[in-house]
Protein chains: 2
Amino acid sequence: MGEHMQIGEVADRTGLSLRTIRYYEKVGLVTPSARSQGGFRLYAEPDLARLELVKRMKPLGFQLGQMRELLGLLHPEPSDRRPEVDRLREFSDSAERRCAELRAKLASAEEFAQALRTRLGQG
Amino acid sequence: MGEHMQIGEVADRTGLSLRTIRYYEKVGLVTPSARSQGGFRLYAEPDLARLELVKRMKPLGFQLGQMRELLGLLHPEPSDRRPEVDRLREFSDSAERRCAELRAKLASAEEFAQALRTRLGQG
DNA sequence: TTCTACCTTAACGTTACGGCAAGGTGTCCG
DNA sequence: CGGACACCTTGCCGTAACGTTAAGGTAGAA
């Protein structure tokens, strides 16, 4: 019932490896919101949400540093907002383009899988 | 009109970098079918076809070594065929699974892109 | 207290390339 | 024939995003 969980449970719930989760922390992408007395990472729900966001973005081929920046833009300090909005729009446009590319690649890959299956059928 | 082309033209036609094409050769994935007198790589149409196949498989996350094996299975020597067919079926099943995974990831990524756009709309 | 599962950092290894340096090749042009 | 110039070669070091031990500390139950 604790509101924090250890890295192992986070790994189970997200499907990410321990190594990946630690690496994401190292590059400043997702930092656990607490540590136990003995040094164990303790994650809360918002941390999980960040990890899930990263998982969603990853197939689009963004680099971890870009995702870090984008996550920062999504939780902004209420200071000068203008350039942030511009940057956000750039990310959004980029995301759309990458989605389109990925759709094309998927279609191509499905054709390949289909051809492979057909080949087995008549083998 | 030569039936062979140099690596630069191959790069233009496939969208792959020179570096990538050379690397694929290094790992035994796609070998140019000839070399010029002075050592330039010379590619023919079947080489292009192999490269295109690799491009199609790549989004499914196969490793280069696996693709090399699969390409070998697709152009077999007529010797003992049985284990090859079994292996082919494994690849085919794996390809189907990976297609399904990729479809799911794409859907998730598109939700993300949608959310980002929406967020910009109401700013 | 001791066992066990889970965690820690550190460090080296891997895949799939990118980038640059130093130099050879092919073809055309005067 | 001798440059000029685009294109190519190998070699080597660098990078991103992790995987994989190794050596040892922590939390909670028995």
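Data overview
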item	result
MRE, 222 nm, helices only [DSSP H, n ≥ 4, -39500 (n - 2.57), over chain A, to nearest 500]	-22000 deg cm²/dmol
Karplus (6.51, -1.76, 1.60) ³J(HN,Hα), θ = phi - 60°, over region A:93-109, in Hz, Gly and Pro reported as x	4, 4, 4, 4, 4, 5, 4, 4, 4, 5, 4, 5, 5, 4, 4, 5, 5
Charge context of residue A:30, other residues only, Cβ under 12 angstrom, K/R +1, D/E -1	+3
Isotropic mean projected area of the C-alpha convex hull, region B:60-123 (nm²)	5.4
Residue and distance (whole Å) for the chain B Cβ nearest the axis that superposes B on A	B:106, 3
Inter-site label distance for residue A:84 and residue A:49 at 7 Å from Cα along Cβ, in nm	1.5
³J(HN,Hα) computed for each position of region B:60-74 - Karplus, 6.51 cos²θ - 1.76 cosθ + 1.60, integer Hz, glycine/proline x	7, x, 5, 7, 4, x, 5, 5, 4, 4, 4, 4, x, 5, 7
Dipole of chain B [Lys/Arg +1, Asp/Glu -1 at C-beta], most positive-end residue of B:63, B:83, B:73	B:63
Diffusion constant of the protein assembly as shown at 25 °C, which comes from Stokes-Einstein with the Kirkwood Cα-pair radius and 0.890 mPa s, µm²/s	114
Amide proton proximity set for residue A:30, modelled H, under 5 Å, gap of 5+	A:25
Over 26 Å between alpha carbons, listed pairs A:55/B:55; A:26/B:55; A:58/B:26; B:58/B:105; A:26/A:105	A:26/B:55; A:58/B:26; A:26/A:105
Qualifying trypsin sites (Lys or Arg not before Pro) in region B:16-123, DSSP loop, other Cβ atoms within 10 Å at most 15	B:81
Diffusion coefficient, µm² s⁻¹, Stokes-Einstein with Kirkwood Rh over alpha-carbon pairs of region B:5-123 at 4 °C and 1.567 mPa s	77
Check: region B:45-123 dipole with +1 on Lys, Arg Cβ and -1 on Asp, Glu Cβ, in debye	400
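FYI, it's all coordinate maths here, none of it is from the lab. For clarity, every value in this text was computed on a predicted model and none was experimentally measured. All Cβ positions, glycine included, derive from the backbone under ideal geometry; neighbour counts span all protein chains shown.
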